[in-house]
Structures are given as C-alpha cells and as structure tokens.
1. Top mean-square fluctuation among Pro93, Pro30, Pro219, Gaussian network model of the chain, C-alpha springs under 10 Å?
2. Give the carbon-plus-sulfur fraction of the accessible surface of the chain in %, rounded to a whole number; probe 1.4 Å, heavy atoms of protein chains only.
3. Run the quick spin-label model on Glu317 and Ser10: label points 7 Å from Cα toward the beta carbon, then report their separation in nm to one decimal.
4. Taking R0 as 30 Å, what FRET efficiency do you get between Lys84 and Ala265 from their Cβ-Cβ distance, rounded to the nearest 0.05?
5. Considering the Cα positions of region 201-318, please state its Rg to one decimal place and its Dmax as a whole number of Å.
6. Size of the dipole of the chain about the Cα centre, Lys and Arg at +1 and Asp and Glu at -1 on the beta carbon, nothing else charged, in debye to 20?
7. Quick check on region 271-317: take the gyration tensor over C-alpha atoms, sort the square-rooted eigenvalues as a ≥ b ≥ c, and tell me if it's rounded (a/c under 1.5), prolate or oblate.
8. Only one of the listed values, (i) 39; (ii) 49; (iii) 45, was derived from the coordinates as percent of Cα pairs over 31 Å apart; which label is it?
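The values are calculated or read from the model by the stated rules, or taken from the named source; none is laboratory data. All values reported here derive from a predicted model rather than from experimental measurement. A quick note on method: Cβ atoms are made from the backbone with ideal geometry, for glycine too, and the neighbour counts reach across all protein chains shown. The accessibility values were calculated without ligands, DNA or RNA, using every heavy atom of the protein model including side chains. Shrake-Rupley method; radii C 1.70, N 1.55, O 1.52, S 1.80 Å.
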Amino acid sequence: MLEPVVNFFSRIFTYIGRGIGFIVGILLWPFMWASSWYTQRGFILKIVVGLALLLWLGLYGYFFYNTQAWTNFNPDYVASYNFKNQTAPAGEPLAAPAAAATTGTNVSKTCARSAIVTVTADLTDFNVNQNAWISSMLLYKLGFFGMDWDRTPFLDNKASFQRGINSAVRRTGIELVDTLGRVRGTSQIDGDLQKARGNLQFTEDAWYFGLNPFGPKTPTPSYYRSAVNDLRTFNTKLENCNAIFDARADNLIQFIDRIANDIGATSAILKDRSENHNNGWFDTRADDRFWFAYGQLYAYYGLMNAAQVDFRQVLDEKHLTPLWDGMDGQLRSALAIQPWIIANGSEGGWLLPNHLTTMGFYILRVRSNLIDIKQVLQQ
C-alpha cells in the first residue's frame, strides 16, 4: 500500500538530485574547459597563465580578507575617550597646573581641544588607516562578474558600514567649517578645516587609474588621510589657543538639526526598502542598507558624546544632560543589533524578521530625541 507513495518520493528526490547535478555541472563547466585548455598549452604559456592565475587568487584573497576583517571595530569605542572626566568646553582656556600657580612659574596658555574634531579624525583614521577602504579597491569596483557588489549578498557589508561612517563624518566636516570652527559672520574660515572638508568630500571610489577622466588618479584613501592630518592640525592650533571653536547654543541647534535631517533621510531609505522589497533573506540590497545605517549611527554615537563635551556649558545651562543621556542610550542600543544575516521579511510575517524595520525604529527614536533637545535649546 505504501509502495506508490515511496516510489513517488523516490522519483521526486531523483529529479532533485539530477537538477542539482545539472546546475553544478553548469557552474563547473568553465573551470573544466579552462583546465583542459591549460593542459594542452606549451610550457612558456603555462608559466605565464599560472602566474596570472596566482596573482588573481592573491588579489582575491587580499580582497576577501579585508572585507571580513573589521579591525578595531568596537560599539563601545566611546569609553576609551573618557569624556565624563573632560569638563572644559572646546576652545576654553585650561586652568594652569597647581604647582606652576604656587611657584609662579610661567606656563604657556593652553586651551581645550575639540572632542568633535578628535572623534571625526579618529573615525576617518579607523576607516582608511586601521582598515582598508573597500569602496575604492579594484576588485570591489570590478564587481561580481560585472555585477555591483552592493547588488549581491556577498562582501559588501564592510564597504556599506564604512560609507555610513563617512556620511556622518562628511556632515560634521561641513558644520565645522560653516559654523563651529569660527565666529559666524565675523571670522575667516579656518584653512585646515576647509582643507579637511574638501578632502572628506572627495569621491568614495577612486582608484589609482580611472576612465572618466582617463588617466592616473590619486586614490580615495589618500584624500581621507590628508583630512585626518588637517583635523588634527586644527586641534593642535586650538590647544595652543590659536584657533576658534564657537560653542554657542545656536551653533549646537544647527548641528543637531543637520544630524536629525541626515538620519531622517536614512530612515526613509530603510522604510522604502522594507515596504517595497521585503523578500526575507533573498533581498540582496537589505544588507548594505542596514550596514550603512549602522555605520552612520556608529559614527554619531561618538560624535554626540563628543558634542556633549564641547557644548557642556550650553547643556548645563539648559539642564539637558538627562535628555542627552537618553539619546546616547538609544544610539548604543541600536549598535547592539548585529545579525549574522540581514533579513528583510514582511512586517506582518511570522517566520522571517525585518532587521531594516528594527534599525529604522532606533533611528526614529534617536531623531525624536534630537528634536526634543533642539526644542529645549530654542526656548
């Protein structure tokens, strides 16, 4: 009685096995053809082709390693700055050491460095010095058999994460030049901050050679490394009291407003992807959307903690510390979301999660906190 059922399932599994074998055969055919062609070539040609193959494997090995090794990635990186013990706002004179005051020794005037500038420089250093900048690597630009890596589920997470950090860093660089690094309307733009902004705005995917325009180029990481040096030069000048950091309430309002708009745009991108492309684990763009947003919040987590130091006097006057700490907690909670595989399931589904919606929820919470802080500052 069970024999027809057994035979039916046997045929089904046979067909499945043949189908898998057929697909595997198609995938292996180019390699089998190449192997047959290689064995029939002459000795010199074999050496040349073999060396080219080794070079190709070496490049892919290097590329694979750099996309998977996230050096010094740490969601709790803010703790290393010890911001809680920094009480002097950026640009304000620091008290002379007690020993010098007692003995009457002449001590050169020293001002507080900007925590925002420090974190901006360190995040860029993290992107291009502590890690390889993925977006401008040759094999990333070539794609997966000509397909953009962002349109595949492979090897694009780190690149998206780095671009998310860079998005926040670029926004901060603009605000440093336009408002924070000078007295608005009365002071000349700081040259080092202006150079840093220009270098940070450079295209993210430049390699040593390009087609448009045709010819050799300076790769992206070189510009970002220059920006790191420019930012640190500004902070040195600020420490020597030879630069300006305008830590006024209206400047903080503008800085917060720009960040709220920035992450609001990211939230809209996540919402669109979640609602219109919810294909579960098979949405190949969900991962780069998620990791871009994660990188952006990773950067703003440090930058908002830094802003709390640079604008401490303003926050104390407005009694904003509790509200600011609440926003800080939301940022850190978002960084705790680190799924192994990003799923873009239906919001009403019962099987697959929707990590884009979860990330979007935290972004909106942070944005809501920023708007609340802005409203208090405007009172």
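1. Largest GNM mean-square fluctuation: Pro30.
2. 60 percent
3. 8.7 nm
4. Calculated transfer efficiency: 0.45.
5. 19.4, 56
6. Using Cβ point charges on Lys, Arg, Asp and Glu, the chain gives about 780 debye.
7. In terms of gyration-tensor shape, prolate.
8. Given (i) 39; (ii) 49; (iii) 45, the structure-derived one carries the label (ii).
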